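Report on the following structure.
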Amino acid sequence: MTQRVLRLLQLTDIHLHASPEARMRGVNTNTTFQAVLGQAMLDADKPDAILVTGDLVQDETRTGYERLRDMLGVYEIPVYCIPGNHDAPGIMAMVLSEPPFQVGGELSAGGWRLIFLSTFRRGDDGGQLSDDELQRLSNELAAEHADHFAIFLHHQPVPMGSRWLDGVGLRNADDLLEIVDSSTRVRALVWGHVHQASDRRRHGVRLLSTPSTCMQFLPNSDDFAVDTRPPGYRWLNLYANGRIDTQVHWLEED
């Protein structure tokens with residue numbers, strides 16, 4: 001990719017199951033994902049890559065990952081995936097190991113280097129970056145592969161203002177932020193997990209959370225609560241000069 005603008009579609013917290021009829025808290029996650037994908041791909045400007053930032057499958061089944069592969073593979077667009085706390089990383093890696101899919105790793109395009117980090121921690125709804133992942137990030141930033149870096153992960157590295165939700169965030173966020181603060185090239189941290197949209201800045205770095213393709217959590221709630229907002233997704237346009245244009249889109253009702 002050498003175009004001036006790198007266009008990305010972020011999808012997150014899909015929560016598919018083995019059965020396409022399965023529901024999570026009353027929501028058919030297969031149906032909502034199909035609807036979100038259909039709406040997003042109607043956009044005249046197609047994505048250069050699709051980023052799926054965790055909780056692809058709710059019940060850790062191979063069938064769920066195979067359905068996701070079939071639903072996204074038809075577009076023949078590169079798909080970069082990272083695991084969330086509900087995923088089965090081993091199965092995920094096996095099913096999504098062939099192009100156009102890639103689990104983790106990096107993407108270089110248009111003056112940007114995108115780094116995909118795994119925060120999966122077995123048996124924990126919160127997340128943790130392993131020593132290896134932290135070292136990989138540190139090495140990537142030190143190597144200066146690009147003028148601009150964007151880092152994608154599942155768990156939130158900063159508080160969201162909800163007591164229950166912040167209790168299952170990134171356990172070693174300080175380690176991540178220390179590495180980020182050491183570089184002048186990081187432009188954005190982008191995550192899922194929180195089932196809500198937010199857009200903030202920290203030391204000049206854009207902090208973006210993206211809503212789920214199924215159902216949302218109520219912002220600023222001390223206890224677990226579901227929001228009334230519909231399924232959503234995020235578009236990101238990354239420019240060669242480091243500028244980021246991004247919009248959250250919500251599923252339109254028929």
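A few remarks follow.
- Residue list for segment 225-243, restricted to those being surrounded by fewer than 16 Cβ atoms within 10 Å (Cβ to Cβ) and either closer than 13 Å to Ile14 by Cα or among the charged types (D, E, K, R) (or both): Asp227, Arg243
- Subset of segment 1-27 [within 21 Å of Ala225 (Cβ to Cβ) and over 15 Å from the mean Cα position of the chain (by Cα)]: Arg23, Met24, Arg25, Gly26, Val27
- Residue count for segment 146-159, restricted to those that are without any contact (Cβ under 8 Å) to a residue 60 or more places away in the chain and in contact with a strand residue (DSSP E or B) (Cβ under 7 Å, 6 or more places away or on another chain): 6
- Residue in segment 133-146 that is at pLDDT 95 or above, over 21 Å from Pro83 (Cβ atoms) and in contact with a Lys or Arg (Cβ under 8 Å, 6 or more places away or on another chain) present: yes
- Residue check for Arg113: among the charged types (D, E, K, R), in contact with a helix residue (DSSP H, G or I) (Cβ under 9 Å, 6 or more places away or on another chain), buried (at least 18 other Cβ atoms within 10 Å of the Cβ) and in a strand (DSSP E or B): yes
- One residue alone among Val103, Val27, Val79, Val95 is of a type outside the set (Ser, Thr, Tyr) and farther than 27 Å from Leu129 by Cα, and that residue is Val27.
- Cβ pairs under 9 Å, 6+ apart, first in segment 127-145 and at positive phi, second in a loop (DSSP other than H, G, I, E, B) and not charged (D, E, K, R): Glu144/Ser183
The values are calculated or read from the model by the stated rules, or taken from the named source; none is laboratory data. All figures in this text were calculated on a predicted structure; none of them were measured in a lab. Using ideal geometry, Cβ is built from the backbone for each residue, glycine included, and neighbour counts are taken over all protein chains shown.
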